[in-house]
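Following: one structure in structure tokens, then a few remarks.
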Amino acid sequence: MVTRRGTEAAVLVPVQEWRRMQSATRPSLKQLLLSDQARTDMSLPPRGQAKRRSVKPLL
């Protein structure tokens with residue numbers, strides 16, 4: 001345990017343990033692309049509803 005001014009700030013772990021922890025918590029790109037949840041979380045506005053400003057023609 002590493003402290004900064006008396007409060008816990010960081011933890012030192014062996015590299016192999018860190019890599020194991022990282023691979024266990026982060027999904028792979030394949031898992032993200034194949035998951036149904038990732039596709040339903042994104043909300044898109046309806047198309048063709050954008051308001052545009054009027055532009056005067058060039059003289």
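Per-residue counts of other Cβ atoms within 10 Å, averaged by peptide: what ranking do you get for 12-18, 47-53, highest first?
12-18, 47-53
Report, to the nearest 10°, how far helix 15-25 tilts away from the longest principal axis of the Cα atoms in the chain, using its own Cα long axis and a range of 0 to 90°.
40 degrees
Per DSSP helix of 4 or more residues, -39500 (n - 2.57); summed, then divided by the residues of the chain. What does that give at 222 nm, rounded to the nearest 500?
One gets -9500 deg cm²/dmol as the mean residue ellipticity at 222 nm.
With r as the distance between the Cβ atoms of residue 34 and residue 10 and R0 = 35 Å, compute the FRET efficiency 1/(1 + (r/R0)^6) and round to 0.05.
0.50
Can you compute the charge dipole magnitude of the chain about its Cα centre, using +1 on each Lys and Arg Cβ and -1 on each Asp and Glu Cβ, nothing else charged? Give it in debye, rounded to the nearest 20.
Value, rounded to 20: 560 debye.
Take the Cα radius of gyration of the chain and divide it by 2.2 N^0.38 Å, with N its residue count; two decimals is plenty.
This ratio for the chain stands at 2.38.
Every number in this text was worked out from the coordinates using simple rules, so none of it is lab data. Here the structure is a predicted model, which means the values were calculated and not measured. We place every Cβ from the backbone using ideal geometry, glycine too, and count neighbours over all the protein chains shown.
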